[in-house]
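These notes concern the structure reproduced below.
The values are calculated or read from the model by the stated rules, or taken from the named source; none is laboratory data. All figures in this text were calculated on a predicted structure; none of them were measured in a lab. Glycine also receives a Cβ, built like all others from the backbone with ideal geometry; neighbour counts cover every protein chain displayed. Protein only, heavy atoms only, side chains kept; ligands, DNA and RNA dropped before computing areas. Shrake-Rupley method; radii C 1.70, N 1.55, O 1.52, S 1.80 Å.
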Amino acid sequence: MTTTDQHLPEHMRAVRFDGYGGVDVLDIRDVPVPEPTEGRVLVRVRATGINPGEMSIREGYMHERFPATFPSGEGSDLAGEVVAAGPGVTGFAPGDEVLGWSDERSAHAEYVTVPATQLARRPDGLSVEQAGSLYVVGATAVAAVRAVDPQPGETVVISGAAGGVGVLTTQLAVATGATVIGIAGEANHAWLRDRGAVPVSYGDGMVERIRAAAPDGVDALIDLFGGGYVALALDELGVKPDRVNTIIDFATAAERGVTTEGNAEGADIANLVDLGERIAAGELELPIAATYPLVEVRAAYTELARRHTHGKIVLLP
């Protein structure tokens, strides 16, 4: 194992919870710093995003699909610097600035080990906050847009178009040359317009507003919010099932035969690097809505639960 000359502590602070529940089950605990085993890298975490999926897992709503084992850690997104590389790792050295992800619900901590294949150098010009919150939303956005395959001249509707996943999904969909109708609150309409989307407010009269914005009809819909958008696409807008993708409404998707491609399908380090480089170059934007120290993880998730966040909320261990 190669490591820095700095003294590595035996313990670190990490988020843990012992059972399903609200934010009150989240604790900050002292746990051992993990050792980088074969093929893995130890990273000092400087930024780690929080996501609605983690909230759903912690609340028990995803038990059938993604069960938790207790005590459970949490967190996938991460950015920081390499502290040590385990046996068999090449290409990373102590001090390297990296971004990547954990598949083991362990990134909400001061240190984490991950396979070297799930890390990449942080592109110049990409902030540590953006890098540390890119994986979940980035991989999901890439897969969701790919699933409905918008074409120039077509029209695609996106629910939750200005949220954490939505900000990238909207921009990637606009880049295909399709007309993008973004469903969002009034406060985010100017942002959507500035990025080439047509904003539409949710609430009473939404279907009529979508039809007015798409006089030739809607070809595809990406549901990032849940709460009936799959049925709306099929029953009200006449979208074919294979052109509807949801990342949240799995029950309706199973009943109605629509796709559910998201984070798992987009989980490729090449996607992360591409998005990071495009954000660094100013071709894409990933807004950071708020940052919290790790010890304020409960407050961070309380803010996220309001479901009005424009961009990402990030923990800074």
Inset, instruction - Quick one: in region 179-209, of everything that is part of a helix (DSSP H, G or I) and touching a helix residue (DSSP H, G or I) at 6+ places or on another chain (Cβ under 7 Å), which residue is surrounded by the fewest Cβ atoms within 10 Å (Cβ to Cβ)? - result: Val207
Legend entry - Filtered residues of region 72-103 (kept if closer than 21 Å to Ser127 by Cβ and either in contact with a Cys (Cβ under 8 Å, 6 or more places away or on another chain) or β-branched (Val, Ile, Thr) (or both)): Val82, Val83, Val98
Inset, instruction - Name every residue in region 266-308 that is of a type in the set (S, T, N, Q) and either closer than 18 Å to Ala143 by Cβ or assigned to a helix (DSSP H, G or I) (or both), in order of residue number. - result: Asn271, Thr302
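Within region 125-178, take every residue that is charged (D, E, K, R) and not in a helix (DSSP H, G or I) and give me the one that is farthest from Gly49 (Cα to Cα). Give the steps one after another, and end with the answer.
Of the residues in region 125-178, the ones charged (D, E, K, R) are 129, 146, 149, 154.
Within this subset, residues satisfying the condition of being not in a helix (DSSP H, G or I) are 149, 154.
Values: Asp149: 27, Glu154: 33 Å.
Restricting to residues being charged (D, E, K, R) and not in a helix (DSSP H, G or I), the top hit is Glu154.
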Inset, instruction - Would you mind finding the one in Thr48, Thr3, Thr37 that is farther than 28 Å from Lys312 by Cβ, at pLDDT 95 or above and among the hydroxyl-bearing types (Ser, Thr, Tyr)? - result: Thr37
Legend entry - Every residue from region 20-67 that is closer than 26 Å to Leu99 by Cβ, of a type in the set (A, V, I, L, M, F, W, C) and open to solvent by 10 Å² or more (accessible area, probe 1.4 Å): Ile28, Val31, Val33, Met55, Ile57, Met62, Phe66
Inset, instruction - Report whether or not Gln118 is polar (S, T, N, Q), open to solvent by 10 Å² or more (accessible area, probe 1.4 Å), in contact (Cβ under 8 Å) with a residue 12 or more places away in the chain and under 29 Å from Ala14 (Cα atoms). - result: yes
Legend entry - For Gly164: the one exception among (1) open to solvent by less than 30 Å² (accessible area, probe 1.4 Å); (2) more than 23 Å from Ile248 (Cβ to Cβ); (3) among the small types (Gly, Ala, Ser): (2)
Inset, instruction - Quickly run through region 263-277 and pick out the residues that are open to solvent by 60 Å² or more (accessible area, probe 1.4 Å) and within 11 Å of Leu168 (Cα to Cα). - result: none
